[in-house]
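Worksheet for the structure shown next.
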Amino acid sequence: MNPYRRSPLIIASTILVFFFLYAPIVVLILFSFNASRISPLFTGVIAKFGPYRLVNENVIQSPCGPFHWFCDLSKNTEVLSAARNTLIVAFTATIVSTVIGTMAALALQRYYFWLRTFSQISLYIPIVIPEVVMGITILVMFSQLFSYLNASLHLVGDAQLSLGLWTVILAHISFMIPFVTLVVQARLQGLDKSYEEAAMDLGANELTTFRRVTFPMILPGVMAGALLAFTLSIDDFIITFFTNGPGSATLPIYVFGLLRRVITPQLNALSTVWILIVLFAVFLTQRLESRQR
Amino acid sequence: MLKRLRENKSAQGTLLIVPTLIFMIGMLIIPLLLTLVVSFGQRGADGGVIYTFSLNNYIRLVGFTTDCPPGVKTCFTSLYMEILWRSLVLGFNTTVLDILLAFPLAYFIARAHPRWRNTLMFLVLVPMWTNFVIRVYAWMMILREQGVINSLLGWFAGLVHVPFKPLGMIYTPGAVLVGMIYEFLPFMILPIYTSLEKIDNSLYEAAADLGASPFRTFLRVTLPLSMPGVVAGTILVFVPVMGTFIVSDLLGGSQVILIGNLIENQFLSARDPAFGSAVSLVLMALTIIVTYFYTRKFGFGEEIVA
Amino acid sequence: MSEFAIELRDVVKNFITPEGNELAAVNHVTMQIKNGEFFSMLGSSGCGKTTTLRMIAGFEWPTEGEVYIEGDAQGHKPPFLRPVNTVFQSYALFQHMTVFQNVAFGLEMEGASKDDIKKRVGESLEMVQLTGMDRRYPKQLSGGQQQRVALARSLVKRPKVLLLDEPLGALDLKLRKEMQLELKSLQKEVGITFVYVTHDQGEALTMSDRIAVMSHGKVLQMGLAVEIYERPVNRFVADFIGESNFMDGKVKSVKKDQAVVYVAVWEQELTGVITSKVNVGDEVAVSIRPEKIRLSEQAEPQVNGVEGVVVDSVYIGSDTHLYLDVRGKRIKVWEQNRVSTLDLRAYYQNGQKVRLNLMPENTLVLPKD
């Protein structure tokens, strides 16, 4: 009996579900080449290269040809600014949360200390509660804090404390730390204590042991945690939504704003570019991982 | 002094955890406590908060309000309870349907040839790595009155000369359900797959050897062993569904209001942070209670870490 | 220079169990380990031998008592300040370093020069017969080779004492036996003190000069291999090392180093030697090793003699293991096959009646605990 043969019912459902998963994405990418500017019908790909010409809301000619909407996108300063913000937040928050999270993982895995249970519980909370709640509570705190400080310190105009990129970064760090800690802890759990004992037995003190033995061995876990954090940050909507201010919009926020206003194939182009970047990044990571093995 | 530190293991641990504690206390505990305080307050001028101690907001949630037709002092409106109920039902439906969709897929991949498993799993995860908002937009494109489905149906109807009226799919509870199912499906597939993958092939062979039909094998062997994954997946789906407002906003319009929408509304449009805080805390309490009893009954799925 | 390489004085180590109780893993242990000897701590899991070893190494600190290395009290000194090195059960080779880097690690910590390191690592690898492997990674080596790298890594530092925590546990039988002899000869060659922990009594007997048998955190008996085997101090030790036939008995009389014991199951008195103090009236265990029982066809005028019937026999090759029914009690007897013959009549048959002869010096009278 071939253990890999499945019943037709299962195979059919699998194909259906895969179709379900990918159809929207395919539609998205397809329509980024749509000639029509507004119509949801696919009126064809922009064939001709040449100066921009619009006929009946159909772009029949464009300097970029079929990639018209992508060119349009590259001229969109709002998108570029949002993209830049997204990256700034992601990189900063990832670095900080990875360092702090790794320290926390070490602390929880190796030591017994007074606030241990409290720390463990508080690290689980962001994972268990809905993001809305976390976003709201942080917003409440910041808004109350700001109005109090602005009033009591008599700050006006530009000097006033308000929501901005820095509040987003702080919020991101806070919800990323538990995830990093979880991942690194899992890695630490599998790490045999005897490596570190061997290092100390051979003459290395605590710091040297960590530097030469422990850290290289948990590095894959730390990297995985950092990657997870980075992904969470780039994709985050809800928490960013409640903690950002004017001028500090990230890409997801920008897209959401657009969706409520005007929809053009430019959005599809943005989506396609995003998907491609993500795919490329994942491909890179897989390559790196397999190389390390 | 270093020597003292070396001896005191507890102090070392404390030192390492301090930055984490600063963030957890400052950005989690304090905000939660502050929100709690605010929830007992009242709506102030200009969207601010008047700090008092009043249970008004909570009472309002349950349905008793002073905002009544003239002549009546307090009346009952089930508005908020309806929202709560609607959100719970949506959460439940999404979870169940996601399980039904995820299971066959996860099963197929888990029992596929090892060489293909990683590739297949990778294919499952690609949509998940795509941004959340973008995926909702995709469904907007598909379900709109002039969206893909309607256009295709219209074009087809034109071919066979049948009169066609576009289906009103978007801005309905159905659309929101579809959107939710789609968004969170990968989060259900992953844990279930992890559980199923752990089942050694020899268990299926043993069951067959002992006379179990494929169906009974599924019931008595596969299903119980997949439970940790199902539990983990349920938590990963149910909690966010209760809290998301994007899907209901974009696919449901003003027709479908969930708790998430209510909260967003209070803070942005209605400018009543006190009430919004109360609703948020109720939501949090609800999710914690459901999660607690659920994991109590079914065990905590370690597959969440995957 | 102290008289002893390692000394433990009334050492106690307590742990808190997950349930919150206090457990004495090491319960008032005192031992002296001589310079240049191969010393083994022998016992089953949980007896405290590994914990004791770890306290010598510095991975644990005693709750009470003191550990002395070369006469110096160690107190709360961390491992990297102690002149001892450990070979771990799991080898603990640094996976991200090559063999050379692994062995060189300890020398790097000492601050040795590059040339010095190169020379000494080369010597160390040669000593364990792994020359040429220095660029390999631990993953690429077999279990036996990894074990030898772990050895080289510790020995290269020329410690006063080498601590070995069940290093041969992961190897297959044949390799293990080979390594036992290799370790023994290595120890003689290098001349340093080895402190060895194992649960395998055969291993301990093969390699050690002296053995400490441990159970439940206490040292039951400490001495030469022959002392432990031939004169175990109580029933537990006798049972742990080698094979024994045990019978319950009651002491009837004691004279110098001999005692007369009444064995209820045979309704007979036996004379045997005592290893620890017993009193008249004590309930004791009589222990007779299977290889020490002589069988004969007829009755001989001996002090201890009893009749039995062969129930089963297992031909091992060099020996025959016989299982007898002696008045209702099952007794094991190992007989060497001294004559090579295919004549089946030369071997004991099932149902054959035999007489067991038990010399007093082979009959041990032991306290029950």
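Every read-out reported here was derived from the displayed coordinates using simple, explicitly stated rules and does not represent laboratory data. This one's a predicted model, so the numbers in the text were calculated from it and none came from an experiment. FYI the Cβ positions are ideal-geometry reconstructions off the backbone, even for glycines, and counts take in every protein chain you see.
Okay, here's what the table says:
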quantity: Net charge over other residues, Cβ less than 14 angstrom from the Cβ of residue B:240 (K, R count +1; D, E count -1); calculated: -4
quantity: Partner chain coverage, peptide B:277-286 - average Cβ within 10 angstrom; calculated: 4
quantity: Exposure proxy ranking, count of Cβ atoms within 10 Å, fewest first, for C:312, C:209; calculated: C:312, C:209
quantity: Cα-centre dipole for segment C:1-117 with unit charges at Cβ (Lys and Arg positive, Asp and Glu negative), debye to 20; calculated: 260
quantity: Debye log10 I(q)/I(0) at q = 0.17, 0.18, 0.26 Å⁻¹ for segment C:289-355, Cα point scatterers; calculated: -0.59, -0.66, -1.32
quantity: Rg over Rh, two decimals, segment A:80-153 (C-alpha only, Kirkwood Rh); calculated: 1.08
quantity: Bins of 10 Å, starting at 0 and running to the largest distance - Cα pair percent for chain C; calculated: 5, 20, 24, 21, 16, 10, 4, 0
quantity: Mean Cα-pair separation over length for chain B, i.e. relative contact order, pairs under 8 Å, 6 or more apart, %; calculated: 24
quantity: Principal semi-axes in Å for segment C:98-256 [√(5λ), Cα gyration tensor, largest first]; calculated: 40, 16, 12
quantity: Residues B:98, B:272, A:192 arranged by fewest to most Cβ contacts within 10 Å; calculated: A:192, B:272, B:98
quantity: Value of D in µm² per second that Stokes-Einstein yields for segment A:147-189, Kirkwood Rh from Cα pairs, at 10 °C (1.306 mPa s); calculated: 123
quantity: Residue-span extension gain [residue C:9 to residue C:23] - 0.36 nm each, minus C-alpha spacing; calculated: 3.1 nm
quantity: Sorted peptide list for B:35-42, B:57-64, criterion being average Cβ within 10 angstrom, highest first; calculated: B:35-42, B:57-64
quantity: Loop trypsin sites (Lys or Arg not before Pro), segment C:26-57, which have at most 12 other Cβ atoms in a 10 Å radius of their Cβ (DSSP); calculated: none
quantity: Mean separation of Cα contacts under 8 Å, 6 or more apart, over the residue count of chain C: relative contact order %; calculated: 15
quantity: Average beta carbon contacts from partner chains per residue of A:103-112, 10 Å cutoff; calculated: 5
quantity: Sequence-distant residues sharing a close amide H with residue C:293 (under 5 Å, placed H); calculated: C:334
quantity: Cα gyration tensor shape of chain B, rounded if a/c is under 1.5, else prolate or oblate by comparing a/b with b/c; calculated: oblate
quantity: Summed residue charge, Cβ within 15 Å of residue C:174's Cβ, Lys/Arg positive, Asp/Glu negative; calculated: -3
quantity: On Cα atoms only, tilt of C:114-127 relative to the major axis of chain C in degrees; calculated: 20
quantity: Segment C:1-154: relative contact order in percent, alpha carbon pairs under 8 Å with at least 6 residues between; calculated: 22
quantity: Spherically averaged projected area in nm², based on the convex hull that wraps the Cα atoms of the protein assembly as shown; calculated: 61.0
quantity: Structure-based [θ]222 nm, the protein assembly as shown - -39500 (n - 2.57) summed over DSSP H runs of at least 4, per residue, nearest 500; calculated: -17000 deg cm²/dmol
quantity: Shape call, segment A:49-187: gyration tensor on alpha carbons, a/c limit 1.5; calculated: oblate
quantity: Sorted by Cβ density within 10 Å, fewest first, the residues B:155, B:139; calculated: B:155, B:139
quantity: Cα-based equivalent ellipsoid of segment B:114-157: semi-axis lengths in Å, sorted from largest, via gyration tensor; calculated: 31, 15, 4
quantity: Degrees between helix A:251-261 axis and first principal axis of chain A (Cα, 0 to 90, nearest 10); calculated: 40
quantity: Angle in degrees between helix A:265-292 and the longest Cα principal axis of chain A, rounded to the nearest 10; calculated: 40
quantity: Nitroxide proxy distance, nm - points 7 Å out along Cα→Cβ at residue C:343 and residue C:276; calculated: 4.8
quantity: Within-10-Å neighbourhood charge of residue A:200 [Cβ basis; K, R +1; D, E -1]; calculated: -3
quantity: 5 angstrom amide H check on residue A:33, placed H, neighbours 5+ away; calculated: none
quantity: Convex hull of Cα atoms in segment C:2-63, direction-averaged projection (nm²); calculated: 4.7
quantity: Average beta-carbon neighbours from other chains, 10 Å sphere, peptide A:116-126; calculated: 4
quantity: HN-Hα J in Hz across segment C:266-280 - Karplus 6.51, -1.76, 1.60, θ = phi - 60°, x for Gly and Pro; calculated: 9, 6, 8, 9, 10, 9, x, 9, 10, 10, 10, 5, 10, 10, 4
quantity: Mean projected area in nm² (Cα convex hull; one quarter of hull surface) for segment C:210-369; calculated: 10.4
quantity: Cα gyration tensor shape of chain A, rounded if a/c is under 1.5, else prolate or oblate by comparing a/b with b/c; calculated: oblate
quantity: Listed residue (C:21, A:203, C:202) projecting farthest to the positive dipole end of the protein assembly as shown, Cβ model; calculated: A:203
